[in-house]
Amino acid sequence: MYIFLTNSVLNLRVIVFILLSNLIFTQTKNSIKNILIDKEYDSKSFFVGATIGHGDLLRPNITQLFLSEFTYLTPANSFKQTAIHPRPGVWNWKKYDDFIDFAEKNNLILRVHGPVSPQASKWAKNDNRTKEELLKNMEEFFTELCIRLNDEKTVKWMDVVNETVLRNGEWFKEKPGDSAWENPWTQIGLNDDGFPIYIVKAFEIANKYAPNVKLVYNHNGGMERKMWEKVLETITYLKNLGLRVDGVGWQAHLRDKNGVGLVKEDLNYLSYLIDWTHANSMEFHVTELNYWLNNENPKSILVQKRQVISYNNIVNTLISKKNNGVVTLNIWGLFDRKGPGDYPKNILSLYDQNGNPKQSLYAIKKSLINESTSLIFEKK
C-alpha cells in the first residue's frame, strides 16, 4: 500500500507523530531479538543486527546495549586490510580475534565487512605500486583471511568486495596520494571481458578458501540506475564464470531529503533489486543503514519524523519480501554522531549521543511487531 504526503498532510502528521511517541514507546519495550522470536520470523531467512567498533568491545555499556537487542553483528572495520595487513610481512590479528571471541562467548552471528574495498592499506595506495605488486598483496591478504574465516563457526557472511562502482556507472578507480578516498585495486587492470581483475580474483579466492561462508557483493550509493546496472551485470558475469555469489548487499546510508526512503520511484527500484536477487537464488542484505543529515538540527521533530518514515519504508520493504528469500538488515552504528571530514555534519542512528533511544528504534520495532508492509512517500 502506498501513502502520499502533501505539505499540509505532513504538518498534520508531525502533530500526530508527537502525540503517538509515548504510545509507540510503551508498545515497543521488547527487544528486537525477542520480537523476532515472538512474532515467529524465520530465523534462517530474516535477520536484524547492528555494527559496533573494536573500541566498543571495551565499553560494557555499549556491549550490553547491543546484546540486549541483537544476535547478529557486523564489526565496523576490523576485518579490512587496513586493520589486518597494513603492509607486506606485517599481520595484526588482535581485532579479528577479539571480535571472534566476543561472538563465540555471546552466541552471535557475524558478517565480515569489506575486506577487499577502498579501505585498503596506505602501502597499497602508494602511487608507485605496480599492478603486479597490488595483485600479489591483495591475494596474500585475502587468501589468509578466507582460510581463517572458513573455520570460524560464528561467521555466516562476508562482503567479498565493497564499493566497486561509482554512481554514474563507471568503475571506482585510484586517485593520487595515499590518503584519498580511492580504490587502488582497479589499477590491477581489466580482463578481456572488461571487468576488473581484482573483483574476479577476490571471488575466486573466496570460493576456493571460504566454502563455509556465504559470499556477498556489497555496494553503496542510492538507487542510481546506471550504477546498479553495472553491479548486477558484474554479479551475473561472476555467476556465469561458475563462481558462487550468495548475496547482494546495499549499504543504505540514507541522505536526508534525497529520495531513498521517501520517494516512490526509488523504493520501487529497491523492491526490484530485491526481487532480482531472489529470482537469481541469492540473498538481499541491507548492510549499513543510517541517516545522513547536513544543516538541520538532528533533534528537531521534522528530522526525527523523516528518519522514522525512511527507516519504516526500508524495514517494511524487507518484511514484504521475507517469504521470497533471505533478507537482512544491519544498522551501522548504534548512536548519533558527528560526521568526519567530508561526511555530512550529522550521522543519525537508533540512539542519540547520550545513549537515549530514539523514535527510529521504536519505529523499527513497531514495524516488526505489526509485520508492516505499507510505505509512505513524499512527492518530489
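What to note about this one:
- Applying a threshold of 9 Å to beta carbon distances and a minimum spacing of six or more residues, or different chains, the list of pairs starting in segment 180-197 at a residue that is of a type in the set (A, V, I, L, M) and ending at one that is crowded, with 22+ Cβ neighbours inside 10 Å and not in a helix (DSSP H, G or I) reads Ile188/Pro196; Leu190/Pro196.
- Filtered residues of segment 205-221 (kept if surrounded by fewer than 17 Cβ atoms within 10 Å (Cβ to Cβ) and not polar (S, T, N, Q)): Lys208, Pro211
- Residues being more than 19 Å from Leu232 (Cα to Cα) and part of a loop (DSSP other than H, G, I, E, B) - total across segment 138-168: 4
- Count of residues meeting criterion [part of a helix (DSSP H, G or I) and among the aliphatic types (A, V, I, L, M)] in segment 103-132: 2
- Output for segment 243-282, where each listed residue is in a loop (DSSP other than H, G, I, E, B), at pLDDT below 95 and on the phi < 0 side of the Ramachandran plot: Asp256, Asn258, Val260, Leu262, Val263
- Test: residue in segment 289-308 that is in contact with a His (Cβ under 9 Å, 6 or more places away or on another chain) and assigned to a loop (DSSP other than H, G, I, E, B): no
- Looking at Asn324, Asn330, Asn354, Asn313, just one residue is in contact with a strand residue (DSSP E or B) (Cβ under 6 Å, 6 or more places away or on another chain), of a type outside the set (Lys, Arg) and not in a helix (DSSP H, G or I), and that residue is Asn330.
- Single residue of segment 169-204 satisfying the filter (in a strand (DSSP E or B) and over 22 Å from the mean Cα position of the chain (by Cα)) that is surrounded by the fewest Cβ atoms within 10 Å (Cβ to Cβ): Leu190
- Which listed residue, of Ile100, Ile37, Ile24, is modelled with pLDDT of 95 or more, closer than 20 Å to Asn316 by Cα, assigned to a helix (DSSP H, G or I) and hydrophobic (A, V, I, L, M, F, W, C): Ile37
- Some residue of segment 42-49 being touching a residue at least 12 places away in the same chain (Cβ under 8 Å), touching a helix residue (DSSP H, G or I) at 6+ places or on another chain (Cβ under 6 Å), β-branched (Val, Ile, Thr) and more than 27 Å from Val248 (Cα to Cα): no
- Residues located in segment 160-182, provided they are in contact with a Phe, Trp or Tyr (Cβ under 8 Å, 6 or more places away or on another chain) and either within 21 Å of Arg111 (Cα to Cα) or modelled with pLDDT of 95 or more (or both): Val160, Val161, Glu163, Thr164, Val165, Leu166
- Scanning segment 290-320 for residues that are more than 17 Å from Ile376 (Cβ to Cβ) and crowded, with 21+ Cβ neighbours inside 10 Å yields Asn290, Leu293.
- The single condition from (1) at pLDDT 95 or above; (2) surrounded by fewer than 23 Cβ atoms within 10 Å (Cβ to Cβ); (3) over 23 Å from Asp159 (Cα atoms) that Leu348 fails is (2).
- Residue in segment 305-319 that is touching an Asp or Glu at 6+ places or on another chain (Cβ under 7 Å), at negative phi and either modelled with pLDDT of 95 or more or polar (S, T, N, Q) (or both) present: yes
The values are calculated or read from the model by the stated rules, or taken from the named source; none is laboratory data. The shown structure was predicted, so the numbers you read here are calculated from the model rather than taken from an experiment. Positions of Cβ are generated from backbone atoms using ideal geometry, with glycine treated the same way; all protein chains shown enter the neighbour counts.
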